[in-house]
Amino acid sequence: MLDRWVDAVKLSTPRYADSSDEFLHKSAESWIDGVYHAVAESDYSHLMGYCLRIASIRTSEGFRFSEVMKAISLATEIVVDMLLEANKDNINEQVSQDIRKIIKVMNWVTMSFGETFEDIRQKEFSTGTLIGLVSAQEAADEAALTSKLLEICQSMSGCTHGIVMMIDSDGVLAEIPGSDEFSKKVMTKIGTQVIRDIAAVARHDKFEELVDNQVVANTPPIRCAVGIPIMARGKILGALVLGVCSERGISTHEIDLLQAMASQIGLAYDNSRMTRQLSRKAAYLKSEHDEVLTILNELGAIVYVADMDTYEVLAANRPMRESYGNDIIGKICYKSIQEGMDGPCPFCTNKHLLKDGHPTGPYVWDFQNTTTGRKYRLSDRAIEWPDGRFVRIEIGLDITDFEEAKERLDEIRTMLQLYNDLLVHDISNHTSIAKGIMELICDEKMSQEQKGEMIKTAMEQMNKIDRLVSRTATLAKTKATGRENMAKVDLGRILDTTISDTIVMTDKMGVKIIRDRSSGPFIIEAGEFVNEIFINLLVNAIKYGNGKPVKVKIAESTIDEKTPSWKVCVTDEGAGVHPDKKALLFKRYERLTTVSQLKGLGLGLTIVRTLTETYGGRVAVEDRVPGDYTKGTIFSIEFPKASDT
């Protein structure tokens, strides 16, 4: 019979011509075995297993359903023909019933096989796809993910009971809702065996033995169960156990399908576990990163990291980004941090940070940034970046305020020294002279006329002390108040008042004051001692101008070629100021450490510079005749114009 069927199949369908006789014989034997159990015992499980297996094989080879059914129909015809031939002389009721049963089985096969054939490969594919999709999209933990995957397995296998056991969960991690206690115990025992043996287990009877013959009353007993190892990356993770309450067999194909499901569950579970571990590690690292970043942000310093070859900024803390732009990361350091640099900074410290390929330690230096103008105490060093390359990290402490405070302290110290020198040296000299004169006046031999002259000289010394104290007080108050009490004033009126105050002196010395200006007004912002500036300049010009006219001019100008200003020039035709003393005038008075350096320049000029700079102006001195200082001097004072003028 087998040979007849093989020959008939090969002749009927060309596709079968390539199949081996051995395979076709085994297929026919399985088919007859399935038909026998279905007809004789009403057990369709063997036949169903055969159908699933053949459908899986033939669909993978590109067979159509009609071709497979034609082969099965031929086998059926041969069976019926042989049955009729064997009983041709005695066609009784039993033979008729057997034939009807065969036809009934064939109808069942046609319906079941038709549904299975076209769906089997899609079903296998969908199992892995659905499980993989769920594992990729679920944002749940391992238990929730496994429960979802178990639901998919139940839906695709048609089982009523099921559990997933995981070794690291010490028991059942997920189960199909509604399972009775007996079924749970049975499946747990099977799962334990699967995990122990790392092999699939299928049972169809004697379940009571697994749970010491304990059967729960009024509960449909589990009649069929299978356990599949859950593996991932070559190691056992747990077991997938599925069962049904009806009696049915578990075919090899179904076990293969369940193994595919278990494999997907294992990968999804292991991936979820690894993802959770990575998430925890990432959270830990983020926490550490945030802590370090908080420290760096609150350090009170700018911090950035740059590649030592490409000069790309790799990282920057918040103060750095606030100072140089939130988009600084990824930019070139010398272009984004410094002003007007087209190439690496000539003062770049990279060359100091590595020696023979190894970090040399911190390199500390001071620098005034060319973009912000702020002064920094910088500490640079080479560190190893996570990718293995050496990079430069720079930590900059803004010392601008510190340096200004230091300058202020130096200024105060110098001022105190100056005041001390004035009081101890100059006032002491004047006092000594006055004291000596008073002692001479006590001499009885001196005439009244001589005593009168002596008293006048003593009074002159006392007046000098008074002026010195007054000027010192002006300096001290100017430094203390700075730009406080600034107000808008008219330079024209200030100069008119100043010239009037010196009229006694000019009349006595026969000096003429020449005014050169427009009608004004000439509005600036200045403090209460602005008159002292021009009184000192006019007194010096009158005193050292050799009796020649003094010219006072007001004209428009600009400071630094951009700020509109009013410029006052006081010009005399005296002996002039020697170039060496001009150089001293252009230095701040606090750089002059002794009173002797002020001799010949006068404390008045110190007051002029201090007041002018305090009020936002600038002072300069130049020869009246360029190149010949002996022909007289021009002192110029320049103040920015007031904002509304």
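The values are calculated or read from the model by the stated rules, or taken from the named source; none is laboratory data. Worth saying up front: this structure is predicted, and the values here are computed from it rather than measured. No Cβ is skipped: glycine too gets one built from the backbone with ideal geometry, and neighbour counts run over all protein chains shown.
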For ASP628, only one of the following conditions fails: (1) in contact with a strand residue (DSSP E or B) (Cβ under 9 Å, 6 or more places away or on another chain); (2) modelled with pLDDT of 90 or more; (3) over 18 Å from GLU411 (Cβ atoms). What is its number? (1)
Filtering the stretch 300-322 down to residues that are assigned to a helix (DSSP H, G or I) and either in contact with a Leu (Cβ under 7 Å, 6 or more places away or on another chain) or surrounded by fewer than 18 Cβ atoms within 10 Å (Cβ to Cβ) (or both) yields ARG318, ARG321, GLU322
Can you spot a residue in the stretch 481-502 that is polar (S, T, N, Q), closer than 25 Å to ALA575 by Cβ, touching a residue at least 24 places away in the same chain (Cβ under 8 Å) and not in a loop (DSSP other than H, G, I, E, B)? yes
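Has the stretch 163-179 got any residue that is assigned to a helix (DSSP H, G or I), at pLDDT below 85 and within 26 Å of GLN264 (Cα to Cα)?
Start the filter on the stretch 163-179 by keeping residues that are assigned to a helix (DSSP H, G or I), which leaves 167-169.
Cutting the leftovers down to at pLDDT below 85 gives us 169.
Within this subset, residues satisfying the condition of being within 26 Å of GLN264 (Cα to Cα) are 169.
Yes: one or more hits.
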Return the residues of the stretch 425-451 that are farther than 18 Å from GLN461 by Cβ and modelled with pLDDT of 80 or more; say none if nothing qualifies. SER447, GLN448, GLU449
Subset of the stretch 621-645 [closer than 19 Å to GLU528 by Cα and either crowded, with 21+ Cβ neighbours inside 10 Å or among the acidic types (Asp, Glu) (or both)]: ILE637, GLU638, PHE639
Report, by residue number, each residue of the stretch 363-384 that is surrounded by 15 or more Cβ atoms within 10 Å (Cβ to Cβ) and either more than 24 Å from GLU312 (Cβ to Cβ) or not polar (S, T, N, Q) (or both). TYR363, PHE367, ARG374, LYS375, TYR376, ARG377, LEU378, ASP380, ARG381, ALA382
Out of the residues in the stretch 200-235 that are at positive phi and of a type outside the set (S, T, N, Q), state the one that is modelled with the lowest pLDDT. ASP212
Tally the residues that are of a type in the set (D, E, K, R) and within 18 Å of GLU247 (Cα to Cα), restricting the search to the stretch 151-183. 1
Of (1) in contact with a strand residue (DSSP E or B) (Cβ under 9 Å, 6 or more places away or on another chain); (2) touching a residue at least 24 places away in the same chain (Cβ under 8 Å), GLY547 satisfies all except one. Which? (1)
Would you say VAL303 is within 30 Å of TYR376 (Cβ to Cβ) and modelled with pLDDT of 85 or more? yes
Of (1) hydrophobic (A, V, I, L, M, F, W, C); (2) closer than 14 Å to ALA306 by Cα; (3) touching a helix residue (DSSP H, G or I) at 6+ places or on another chain (Cβ under 8 Å), MET341 fails just (2)
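Just the residues that are of a type in the set (D, E, K, R) and not in a helix (DSSP H, G or I), please, taken from the stretch 255-299.
Initial filter on the stretch 255-299 (of a type in the set (D, E, K, R)): 256, 270, 273, 276, 280-281, 286, 288, 290-291, 298.
Once the filter is applied, which keeps residues that are of a type in the set (D, E, K, R) and not in a helix (DSSP H, G or I), the stretch 255-299 yields only GLU298.
Picking from LYS581, LYS548, LYS553, which residue would you name as being assigned by TED's automatic domain parsing to the domain that holds SER643, modelled with pLDDT under 85 and either among the basic types (Lys, Arg) or surrounded by fewer than 18 Cβ atoms within 10 Å (Cβ to Cβ) (or both)?
On the way: LYS548 fails: modelled with pLDDT under 85; LYS553 fails: modelled with pLDDT under 85.
Exactly one of LYS581, LYS548, LYS553 is assigned by TED's automatic domain parsing to the domain that holds SER643, modelled with pLDDT under 85 and either among the basic types (Lys, Arg) or surrounded by fewer than 18 Cβ atoms within 10 Å (Cβ to Cβ) (or both), namely LYS581.
Right, ILE514: touching a Pro at 6+ places or on another chain (Cβ under 7 Å), modelled with pLDDT of 85 or more and assigned to a strand (DSSP E or B) or not? Walk me through it before giving the result.
On the way: touching a Pro at 6+ places or on another chain (Cβ under 7 Å): yes; modelled with pLDDT of 85 or more: yes; assigned to a strand (DSSP E or B): yes.
The answer is yes for ILE514.
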If you take the residues of the stretch 600-620 that are surrounded by 18 or more Cβ atoms within 10 Å (Cβ to Cβ) and at pLDDT 90 or above, which of them is nearest to PHE529 (Cα to Cα)? GLY617
